[in-house]
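Any read-out appearing in this document is the output of simple, stated calculations on the displayed coordinates, not a laboratory observation. On a predicted model such as this, the values are computed, not experimentally measured, just so you know. Cβ coordinates were reconstructed from backbone atoms using ideal geometry, including for glycine residues, and neighbour counts include every protein chain displayed.
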Amino acid sequence: MSEEQLKILEAQFEARIARDEKIEPKDWMPEKYRKTHIRQMSQHAHSEIVGMLPEGNWITRAPSLRRKVALLAKVQDEAGHGLYLYSACETLGISRDELYEQLHTGKAKYSSIFNYPTVTWADMGAIGWLVDGAAIINQVPLCSTSYGPYARAMIRVCKEESFHQRQGYEIMIKLANGTPEQKEMAQDALNRWWWPSLMMLGPTDAESVHTEQSMKWKLKRKSNDDLRQQFIDQTVPQADLIGLTIPDPDLKWNEERQSYDFGPINWDEFWQVVKGHGPCNKERMNARVGAWERGTWVRDAAMAHAEKQASKKLEKAM
Amino acid sequence: MKENLYKYILGIADNSLILGQRLGELCGHGPNLETDIACTNISLDLFGQVRSYYQYAAKIKGENATEDDIAFLRKEREYLNVLLVEQPNTDFAYTITRQFLFDVYHFLFLTELQKSHDMTLAAIAKKSIKEVSYHRRFSSDWMKRLGDGTEESKQRIQDALDALWTYTDELFHQTEADKIIVSENIGVDVTTLKQLYYTEVETILSEATLEVPESKWFQKGGKDGIHTEHMGYLLSDLQYMQRTYPNMEW
Amino acid sequence: MKKNWPLWEVFVRSKNGLEHRHFGSLHAADAEMALENARDVYTRRNEGVSIWVVESKDITASNPENNGELFEPAQDKIYRHPTFYDLPDEVKHM
């Protein structure tokens, strides 16, 4: 294909997206579109399955049967969401195994927040409330993203996630209204998870590399800073309601902006965690790689069995 | 309080609680996503059953007892599950074999429990049996896949089977409380299920090209609250919150 | 030689009276497993009463490059639609 032809195709492609048409797997697409989507969708999928680990850490220790089944169902949903997203990614011609390979070798990234440890039960509340809260803000706009399989996966994810944040907030309510010890546990969890949750919405717009292109392709509808502001504005009243204090001395309602002003974010910490120096980066990766390696013989056996069955069937037919 | 009925219900429910807990440990660590999700589904089914049984047991116990008191605040000697279900997830072969050996029993047991003269137990059995029917299919299919898969898988699943076989006979033991409840047409006479159980198990094992273990020496004790060394650690996790922060609501 | 579990497409009938609809895909070693996995992955919230699975490689799909010749010729066949025909206003139901 000549460069000129390519330019025409690209222009037509961009026009389709601008008209709000969806792109489907077999449609022609610029190589950059394919690569960017593989990167973003797989990062998203990896975040779901690495995200199972910090919460999975408390399944066996959940304090009541009701909490246990809710947490189990939630962590299981995350596996499901990872699966939907890997499947969407596979429509672009890359296998799940290749995607795992990228995760396991550190080539692919996942959301840094899952590199923080879950040290008390209240962390289950804080993750559901804050981390899922921030995730939803990120995800809802993706339901109308330009790539069909991604948009469809996100619609399913958002529908299923609606109980996740409630599940977390309910845990916090119960703790905040409980004994002084429980309330302290809740406040401590909020103190530890607040700032990482704000960082989760991504670097400031000034430092964000992909934003403009992503906006065009509807991989992003709002800038990181806007999303962050939205998250803060919706979360602060929820904290007030249950009598917990957001750990930011600079937090203050700004009447003019009709939004909260907030203090500086420690971006140095963010980049350190991204680079692998978070408290649990190694543990998380060991857990993922370990599960995959321990599963090798299982997956191979199932495949070998299926082949034996298929050839038996063939023999019978002959 | 109907002491015998209470104990009888715990004997059933504790199996589901402890097995559900074991499966819960695996969530996020399965051989792949699909299998991970499937095992968690089984765990969720079991915990659902547990809650129905314990809620009923709590009513019988009175004194404002709750499902959580019963689940979390007993001493190890007061848990009445069979030894089989508390065995650890040594590898996926152990997980599947434990599941299979329990599912075949569980299905036969619930089939009979549906006929109980106790309406609540009969209703729980009727609801649960659909779930357990699926569990049995799932674990049987995996026994066949792993048995008739690769050399490595065959070896692993045979090892797991040889190790867990010793816990199968206990499924058909009766405690004193069991005998009384059976005589009242509420409980299931498990001794009558034994032959059918081994026939069904052996049919699947033969399809899975596995050897039926020859050992005739069996371990027992769980139904009387005497457990294997694994149990204490499992309970430490299970009870951690309730023990560390007593008398609180979550 | 390493062989991965193939990809399957999952179709679910939400309730009787409705058609099976494409729900997504998953990996499974064989058809039975694909059905079981589909049940566990896609009907956790009571979404279905019937499931079809088909290995993705067995689906033959039309090529979007041929969309012009395949689908555009149908666009101007307006006589296939009821609004093409003129009726007197007095005729209420037809």
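Tabulate in residue order the Karplus-calculated ³J(HN,Hα) for the stretch A:271-280, using 6.51 cos²θ - 1.76 cosθ + 1.60 with θ = phi - 60°, rounded to whole Hz; enter x for Gly and Pro.
The phi angles translate into 5, 5, 5, 4, 6, x, 9, x, x, 10 Hz.
In the stretch C:3-94, which GluC sites (Glu not before Pro) fall in coil by DSSP and have 15 or fewer other Cβ atoms within 10 Å?
Sites meeting the loop and neighbour criteria: C:E19, C:E47, C:E90.
Magnitude of the Cβ-charge dipole of chain B, K/R +1 and D/E -1, about the Cα centre, nearest 20 debye?
Once rounded to the nearest 20, the dipole reads 620 debye.
Semi-axes of the stretch A:1-144's equivalent ellipsoid from the Cα gyration tensor, sqrt of 5 times each eigenvalue, largest first, rounded to whole Å?
Output for the stretch A:1-144: semi-axes of 37, 16, 12 Å.
Return the equivalent ellipsoid semi-axes of the stretch A:182-318 as a descending list in whole Å, where each equals the square root of 5 times an eigenvalue of the C-alpha gyration tensor.
Sorted largest first and rounded, they come to 47, 22, 17 Å.
Filter the cross-link list A:K316/B:K115; A:K109/B:K144; A:K313/B:K154; A:K7/C:K77; B:K75/B:K179 down to pairs whose alpha-carbon distance in this structure exceeds 32 Å.
Violating the 32 Å limit, Cα to Cα: A:K316/B:K115; A:K109/B:K144; A:K7/C:K77.
Near the amide H of C:G24, under 5 Å away, which other amide H atoms are found, from residues 5 or more places off or on another chain, if H is placed in the peptide plane?
Those lying under 5 Å, H to H, from C:G24 are C:V10.
Quick one: Cα centre-to-centre distance for the stretch B:70-128 and the stretch A:200-248, in angstrom?
After rounding, the separation between the Cα centres reads 47 Å.
What whole-number volume per residue, in cubic angstrom, does the convex hull of the C-alpha atoms of the protein assembly as shown give?
Given the Cα convex hull of the protein assembly as shown, per-residue volume reads 242 Å³.
Enumerate the helices in chain B for which the Kyte-Doolittle hydropathy averages 0.0 or more and the C-alpha atoms extend at least 18 Å along the helix's axis, using complete DSSP H runs.
In chain B, the long hydrophobic H runs are B:3-26, B:92-113.
Please give every one of the aspartates and glutamates within straight-line cross-link reach of A:K308, meaning a C-alpha to C-alpha distance under 16 Å, and leave out same-chain neighbours fewer than 8 residues apart.
A:K308 reaches A:D300, B:D141, B:D148, B:E151, B:E152, B:E207, C:D30, C:E32.
Averaged across the residues of B:229-241, what count of C-beta atoms belonging to other chains lies within 10 Å of each residue's C-beta?
Taking the mean over all residues of the peptide, I get 2.
In peptide A:47-59, how many Cβ atoms from other protein chains are near each Cβ within 10 Å, on average?
Counting Cβ atoms of other protein chains within 10 Å of each residue's Cβ and averaging gives 3.
Pairs A:K218/C:K15; A:K68/B:K61; A:K107/C:K3; B:K127/B:K223: which exceed 27 Å Cα-Cα?
In this structure, A:K218/C:K15 exceed 27 Å between Cα atoms.
I'd like the Karplus ³J(HN,Hα) series for the stretch A:305-318: coefficients 6.51, -1.76, 1.60, θ = phi - 60°, whole numbers in Hz, and an x wherever there's a Gly or Pro.
Residue by residue, the stretch A:305-318 yields 5, 4, 5, 4, 4, 5, 6, 4, 4, 5, 4, 4, 5, 6 Hz.
Which trypsin sites (Lys or Arg not before Pro) in chain C sit in a loop by DSSP (not H, G, I, E or B) and have at most 13 other Cβ atoms within 10 Å of their own Cβ?
Answer by residue number: C:K2, C:K3, C:K15, C:R45, C:K77, C:K92.
Towards the positive end of the charge dipole of the stretch A:242-313, with charges on Cβ (+1 Lys, Arg; -1 Asp, Glu), say which of A:A301, A:P264, A:N254 has the farthest Cα.
Farthest towards the positive pole: A:A301.
So between B:D189 and B:E151, what do we pick up on full extension, going 0.36 nm a residue minus the alpha carbon distance?
9.7 nm
Please list the three semi-axes, largest first and in whole Å, of the ellipsoid equivalent to chain C, using sqrt of 5 times the eigenvalues of its alpha carbon gyration tensor.
41, 22, 7
Do the sum for chain A: with -39,500 (n - 2.57) for every DSSP H run of n ≥ 4, divided by all residues, what is the mean residue ellipticity at 222 nm, to the nearest 500 deg cm²/dmol?
Result for chain A, helices only: -21500 deg cm²/dmol.
Straight-line reach only, C-alpha to C-alpha below 20 angstrom: list the aspartates and glutamates that A:K174 could link to, leaving out same-chain residues fewer than 8 apart.
Here the aspartates and glutamates satisfying the reach criterion relative to A:K174 are A:E55, A:D123, A:D132, A:E184, A:D188, A:D240, B:E67, B:D68, B:D69, B:E249.
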